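All remarks here apply to the structure that follows.
The values are calculated or read from the model by the stated rules, or taken from the named source; none is laboratory data. Please read these numbers as outputs of a predicted model, since none were measured by experiment. Cβ coordinates were reconstructed from backbone atoms using ideal geometry, including for glycine residues, and neighbour counts include every protein chain displayed. Ligands, DNA and RNA are excluded from the accessible area calculation, which covers all protein heavy atoms including side chains. Shrake-Rupley method; radii C 1.70, N 1.55, O 1.52, S 1.80 Å.
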Amino acid sequence: MDSWMIKHFSQANPAGTGQEDVPALLRRVADSIERRGSVQVQDLVMHTEITADGPWPSLTVYFHDAED
């Protein structure tokens, strides 16, 4: 059976004004993925925390190195 280690990171917009901006979050996450180089994304999971400033979405990206 083949196996590999899955890696992950979570990201959100800065807290406060604009924290609920999902398009900005998606751009932020896309930039982070590109900075990691050659990776293969396996899954994206969106979470939303409710704070005093309103909804605060975050994304967790599960990936592995494309060479693996």
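For the criterion of being loosely packed, with under 11 Cβ neighbours inside 10 Å and touching a residue at least 60 places away in the same chain (Cβ under 8 Å), Met1 fails. Restricting to segment 28-57, and then to whatever is part of a strand (DSSP E or B) and acidic (Asp, Glu), can you tell me which residue is least open to solvent (accessible area, probe 1.4 Å)? This residue is Asp43. Inside segment 1-22, residues that are of a type in the set (D, E, K, R), in a loop (DSSP other than H, G, I, E, B) and under 18 Å from Phe63 (Cα atoms) make up a count of 1. Tell me which residues, restricted to segment 43-57, are at pLDDT below 95 and either under 8 Å from the mean Cα position of the chain (by Cα) or of a type in the set (S, T, N, Q) (or both). Hit for segment 43-57 is Thr51, nothing else. Taking segment 4-22 as the range and being open to solvent by 60 Å² or more (accessible area, probe 1.4 Å), closer than 23 Å to His64 by Cβ and either in contact with a helix residue (DSSP H, G or I) (Cβ under 8 Å, 6 or more places away or on another chain) or without any contact (Cβ under 8 Å) to a residue 60 or more places away in the chain (or both) as the test, the residues that pass are Ile6, Lys7, His8, Ser10.
Restricting the first member to segment 24-38 and to residues that are within 18 Å of Ser58 (Cα to Cα) and at pLDDT 95 or above, and the second to residues that are surrounded by fewer than 14 Cβ atoms within 10 Å (Cβ to Cβ) and not aliphatic (A, V, I, L, M), the beta-carbon pairs closer than 8 Å and six or more apart or on different chains are Ala24/Gly18; Ser32/Phe9.
For segment 58-68, give me each residue that is open to solvent by 90 Å² or more (accessible area, probe 1.4 Å) and either under 12 Å from the mean Cα position of the chain (by Cα) or basic (Lys, Arg) (or both). Within segment 58-68, none qualify.
Return yes or no: is Leu25 in a strand (DSSP E or B) and either surrounded by 12 or more Cβ atoms within 10 Å (Cβ to Cβ) or under 12 Å from the mean Cα position of the chain (by Cα) (or both)? So Leu25 fails the test.
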